[in-house]
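S.K.: Shown below is the structure under consideration.
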Amino acid sequence: MLTPSRHSNAIPVSGRSHWNQALLCVAGLVLLAGLLGCTTRGTGSKSTPTLGFVLVIHGGSGVPDRGTLTPEHDAELRAALNLALQAGERILRTNGTSSAAVVAAITVLEDSPLFNAGRGAVLNRDGVVEMDAALMEGAGRRAGAVAGIHTARNPIEAARAVMEHTPHVLLVGSGADAFVAEQKLRVEPPNYFITEPRRREWEQWRREKGLRSDAGPEGLHNRSRNRLGTVGAVALDRHGNLAAGTSTGGLGGKRPGRVGDSPLIGAGTYADNDTCAVSATGHGEFFIRAMVAHDIAALMAYRGLSLESAAELVVRRKLVDFGGEGGVIAVDRKGNVAMPYNGDGMHRGMVRENGERSTAIYEK
């Protein structure tokens, strides 16, 4: 029998049968694993959840002066925030997606007359409600948005439909309203959206402005801070996917056709699984110019900042330097949460998988 040299790769003849048997065993195991994998995929089973979920919501940065908020109104606002949290939490606890949870939470806030979105949206210069909304998923960065729509009961549903059923990102005006009808989404007549407090605010603003053609939103915006509340939500689901959504009626007394930051991806709404999900609230023109939502994600991606540091830098320094007032809610891929604002307060709430839950309006 030949003996292999020290450096030879040859296999002794006496060991070849054992070697061949071993190779056959390995090949069989690989084949069996492949067959089992195919069987599992064929059943449509879902991936195993790996992370605890987080849901964060906001009801706008325009809050009542601390001394004017009655206990009754405080309870009313917190009850609405809690209903929104519960709607999103139900989806996340049953392994639902972050985007579905965001839509569910925002739908509750749009249906409430307490916030500036859906029912309860502010009126523009001509006494008409024009609504904007956006939804973005961190996985694949899919997004959909609508602006200047008049009929959809829940604009966030229209934004989701744009994302899921068109090759586009943003539809506006009459084209967006036509798309809402095509998708058979819930629609309402104009008077559904106009609440009595909003009508009174608009009528008083008209009297003060004297119906000038160049009348701007400043008077109505400032006087009605206690009822101006863009709504939004961000979420991390159990599978590690992020999503963000925002919905608004814009600025009271705005020029018809004005669009703020809420439906603009990167300005008022943004999500990327590699960094974070962000929803903003405030004076949209400043948020657009500062590209607030994307700037937070970019600071994390390119400078390695934490979510908290990035959000604080953008909201409390960069935005202030622009002269902009407002805030954001954000969650990163590890479940860290940031909710900075640079004004008097921000309606907000959060729930985690472990049962941690909170709502707040002012600084603690």
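The values are calculated or read from the model by the stated rules, or taken from the named source; none is laboratory data. Owing to the predicted nature of the structure, the values given are computational and were not obtained by experimental measurement. Positions of Cβ are generated from backbone atoms using ideal geometry, with glycine treated the same way; all protein chains shown enter the neighbour counts.
S.K.: Could you give me the residue pairs with C-beta distances under 8 Å whose first residue belongs to the stretch 337-358 and is in contact (Cβ under 8 Å) with a residue 12 or more places away in the chain, whose second residue is of a type in the set (Phe, Trp, Tyr) and crowded, with 17+ Cβ neighbours inside 10 Å wherever it lies, and which are 6+ apart or on separate chains?
M.R.: If the second residue must be of a type in the set (Phe, Trp, Tyr) and crowded, with 17+ Cβ neighbours inside 10 Å, the pairs left are His347/Phe115; Arg352/Phe53; Glu353/Phe53.
S.K.: Looking at Ala267, Ala311 in this structure, which one is of a type in the set (A, V, I, L, M, F, W, C), under 22 Å from Val231 (Cβ atoms) and assigned to a loop (DSSP other than H, G, I, E, B)? First the steps, then the outcome.
M.R.: On the way: Ala311 fails: assigned to a loop (DSSP other than H, G, I, E, B).
Selected residue: Ala267, the only one of Ala267, Ala311 that is of a type in the set (A, V, I, L, M, F, W, C), under 22 Å from Val231 (Cβ atoms) and assigned to a loop (DSSP other than H, G, I, E, B).
S.K.: I need the full set of residues from the stretch 270-296 which are crowded, with 24+ Cβ neighbours inside 10 Å and part of a helix (DSSP H, G or I), in order please.
M.R.: Gly284, Phe287, Val292, Ala293, Ile296
S.K.: Considering only the stretch 156-170, state which residues are assigned to a strand (DSSP E or B) and surrounded by 24 or more Cβ atoms within 10 Å (Cβ to Cβ).
M.R.: Restricting attention to the stretch 156-170, the residues satisfying the condition of being assigned to a strand (DSSP E or B) are 170.
Across the stretch 156-170, there are no qualifying residues.
S.K.: Of these, Met339, Met346, Met300, which one is under 15 Å from Ser61 (Cα atoms), touching a helix residue (DSSP H, G or I) at 6+ places or on another chain (Cβ under 9 Å) and not polar (S, T, N, Q)? Step through it out loud before you land on a result.
M.R.: Numbers: Met346 fails: touching a helix residue (DSSP H, G or I) at 6+ places or on another chain (Cβ under 9 Å); Met300 fails: under 15 Å from Ser61 (Cα atoms).
One residue alone meets the criteria, Met339.
S.K.: Mind listing whichever residues of the stretch 96-155 are crowded, with 23+ Cβ neighbours inside 10 Å, of a type in the set (D, E, K, R) and part of a helix (DSSP H, G or I)?
M.R.: Of everything in the stretch 96-155, just one residue is crowded, with 23+ Cβ neighbours inside 10 Å, of a type in the set (D, E, K, R) and part of a helix (DSSP H, G or I), namely Glu110.
S.K.: Please verify whether Val315 is more than 26 Å from His150 (Cβ to Cβ), at pLDDT 95 or above and β-branched (Val, Ile, Thr), treating the condition exactly as stated. Before you say what the answer is, go through the steps one by one.
M.R.: Working: more than 26 Å from His150 (Cβ to Cβ): yes; at pLDDT 95 or above: yes; β-branched (Val, Ile, Thr): yes.
Spelling it out, Val315 is indeed more than 26 Å from His150 (Cβ to Cβ), at pLDDT 95 or above and β-branched (Val, Ile, Thr).
S.K.: While we're here: Within the stretch 319-361, work out how many residues are in contact with a Gly (Cβ under 9 Å, 6 or more places away or on another chain) and either more than 18 Å from Thr230 (Cβ to Cβ) or part of a strand (DSSP E or B) (or both).
M.R.: Number of matching residues: 18.
S.K.: Keeping to the stretch 180-212, report how many residues are farther than 16 Å from Val146 by Cα, in contact with a Ser or Thr (Cβ under 8 Å, 6 or more places away or on another chain) and in a helix (DSSP H, G or I).
M.R.: 1
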